[in-house]
1. Suppose we keep only residues that are touching a Gly at 6+ places or on another chain (Cβ under 7 Å) and of a type in the set (A, V, I, L, M, F, W, C) within the stretch A:118-140. Which one would you say is nearest to the other protein chains (Cβ to nearest Cβ)?
2. Among the candidates A:MET328, A:MET377, which residue alone is at pLDDT 90 or above and either over 21 Å from A:ARG238 (Cβ atoms) or within 13 Å of another protein chain (Cβ to nearest Cβ) (or both)?
3. For the stretch A:268-305, which residues satisfy the criterion of being more than 27 Å from A:GLN124 (Cβ to Cβ), open to solvent by 40 Å² or more (accessible area, probe 1.4 Å) and not in a helix (DSSP H, G or I)?
4. Across the stretch A:95-109, which residue is modelled with the lowest pLDDT among those that are assigned to a helix (DSSP H, G or I) and surrounded by fewer than 22 Cβ atoms within 10 Å (Cβ to Cβ)?
5. Quickly run through the stretch B:103-156 and pick out the residues that are within 13 Å of B:PHE44 (Cα to Cα) and not hydrophobic (A, V, I, L, M, F, W, C).
6. Could you check the stretch B:66-76 and list, in sequence order, the residues that are open to solvent by 10 Å² or more (accessible area, probe 1.4 Å) and not in a loop (DSSP other than H, G, I, E, B)?
7. Going through B:GLN10, B:GLN79 one at a time, which residue ends up being in contact (Cβ under 8 Å) with a residue 24 or more places away in the chain and either buried (at least 20 other Cβ atoms within 10 Å of the Cβ) or away from chain A (no Cβ under 13 Å) (or both)?
8. Suppose we keep only residues that are surrounded by fewer than 16 Cβ atoms within 10 Å (Cβ to Cβ) and of a type in the set (D, E, K, R) within the stretch B:122-149. Which one would you say is modelled with the lowest pLDDT?
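The values are calculated or read from the model by the stated rules, or taken from the named source; none is laboratory data. Since the structure is predicted, the reported quantities are computational estimates derived from the model, not experimental observations. Here the Cβ positions follow ideal geometry from the backbone for every residue, glycine too, while neighbour counts run over all protein chains shown. The area values use the complete protein model at the heavy-atom level, side chains included, leaving out ligands, DNA and RNA. Shrake-Rupley method; radii C 1.70, N 1.55, O 1.52, S 1.80 Å.
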Amino acid sequence: MAYKDEQLNEEKVFKDPVHRYVHVKDRVIWDLIATPEFQRLRRIKQLGTTNLTFHGAEHSRFNHSLGVYEIVQRIIYNFQDRPHWNNEERLLCLCAALLHDLGHGPFSHSFEKVFKLDHEHFTQQIILGETFVNKILERVSPGFAQKVSDVIAKTYEDKLVVSLISSQIDADRMDYLQRDAYFTGVSYGHFDMERILRVMRPIDDQVVIKSSGMHAVEDYIMSRYQMYWQVYFHPVTRSAEVILSKILHRAKHLFENNYTFKLEPAHFISFFKEDVDLADYLKLDEAIVSYYFQAWQEEDDPVLQDLCERFMNRRLFKYIEFNPNQQMNEWMELYRLFQDAGIDPEYYLVVDSSSDLPYDFYRPGEEEERLPIHLLMPNNELKELSRHSEIVESISGKKRTDHKLYFPADILHRMSDENPVKKRIFELLYGQGERIKNVD
Amino acid sequence: MLTNHAKLMQFFAVAKEVTGRKKLQKMIYILQKCHVPFEEKYQFHFYGPYSEELTLRMEELCNLGFVAEEKEDKSNYYQYNYKITGDGLAFLNQFALDMPDMEKQVELLQAKSSRFLELVSTMLYFDDLSKTEAAEKIHIVKPKQNYTADEINEAWTFIDSLQKNPSH
């Protein structure tokens, strides 16, 4: 029997708190899960620093990847024998679902920004490079690894296949919303996925939703909206992200200025040089990063030492609401005052912005980029969701932004009350009719 | 603070006005590929390379009053046009920004249609492929656009001309 068709003697299952069970019968999938590149995902948290806000959020990219695979498997099961669906693409879809986040590194968001990396680029490299994953995919058939890579990169010719993993209602989002809600313990991220799966239909090059399932989709869109603002952009999590980014900036700065680290940052050197190859990238996981942060608390550099101590012991920055347009002058004065106080504003005075777009639509003739969610009406017409749903219409295309100014209130409080610099800093920070927000 | 926002404002200070969201997306991507240090992350989408980060950052710039968005009714669709505002220029003037001169490249890009820039940006997205492979890939990922061989050749010539006018 060809490798691509090989089945395990007995179906394997992973117990899963979100989907109850993740089922594996294909030998290829079982072999991919066993590779070191996939097992590495156990050591990368799905939500980075969110566990400092929601202590349950310790789940990993490994859990999520299995979840996306399971959802795609259930979608394909429902699609079998339906027109427009080509079951020859089944294994390709399952592999792409399982491997779609393979290139994520530790604390992806901060690492990518500071070291100018792109996890999608590393996903491609792992799939196409000299790796265990590549060997398995090429055993399926020559060129199969390239197909999997194209699906994940959204450049595969069959857009229906791409849309299962990447669209406004895809397996990736359906898994992470439910999984993140479960592990953070919040009640917002829940929706009736079983109902959505039952009303999904393949039509030409897209997945559409039977109009009778519209309310389940409304619930999904609102869940996404709530999760972004209640969990993903939580100001305390952003405080931890700010400190994490500043640690990485500081360590890079010290390296570039020939600082002698007590602990040689061997795992970081190619990152500091912005010349990271795949082998270096795969070696760095969150356990390694935490080890360095723990050790750097003993460094002589006071900024690196302080920032690491803050991150490891959750001594986070406080914040105030901030409008860069109306408060530019205050910000410039604060910047100078921090310098006068001997507090480096490059590391200790940080504006952070968050934005989200809950659902966007594309209508023929308009120039949006996101493919919309289409409803399949009883007369077989397709209608864009926000034209039919008042709830979705009310949030469609509505973007929300939020700016916050982060700073170490504890350092400011330790300054002498007689110090005029302190007085002025507090006037600027407290004088906006708003108290400094605790991040406790 | 807001360095990436300031880089975009610098672009608008040079471009004066950009007509259409798709054109803006492609212009920034093409400039990135010409080594102008915009940091917005791009992925392949419906119309080729697209940056969600750029969309959201533009929204932030509009909310802050640094960039003005004008919705223009083109009878069968809406087009969104963007211009830097007085507040935006004032903010930019307070910023010590080290950006290369991109005037010539912006001028070349402004003169082209969004459809053509979609083709150019898609070709640049596949710049690791040979010219023949890239042309094949364009027909695979954009079958509905029906790009002709002439358009693809014109796009290669255009890319050469952009690279002959590097940013300083």
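1. A:PHE122
2. One residue alone meets the criteria, A:MET377.
3. Passing the criteria: A:GLU298, A:ASP300.
4. So in the stretch A:95-109, the residues assigned to a helix (DSSP H, G or I) come out as A:95-99, A:108-109.
Those left that are additionally surrounded by fewer than 22 Cβ atoms within 10 Å (Cβ to Cβ): A:108-109.
Working: A:SER108: 88, A:HIS109: 85.
Applying the filter and picking the extreme gives A:HIS109.
5. B:GLU118, B:SER121, B:THR122, B:TYR125, B:LYS137, B:LYS142
6. Taking the stretch B:66-76 as the starting set, the residues that turn out to be open to solvent by 10 Å² or more (accessible area, probe 1.4 Å) are B:68-76.
Across the stretch B:66-76, the qualifying residues are B:ALA68, B:GLU69, B:GLU70, B:LYS71, B:GLU72, B:ASP73.
7. Working: B:GLN79 fails: either buried (at least 20 other Cβ atoms within 10 Å of the Cβ) or away from chain A (no Cβ under 13 Å) (or both).
So the residue among B:GLN10, B:GLN79 that is in contact (Cβ under 8 Å) with a residue 24 or more places away in the chain and either buried (at least 20 other Cβ atoms within 10 Å of the Cβ) or away from chain A (no Cβ under 13 Å) (or both) is B:GLN10.
8. It comes out as B:LYS144.
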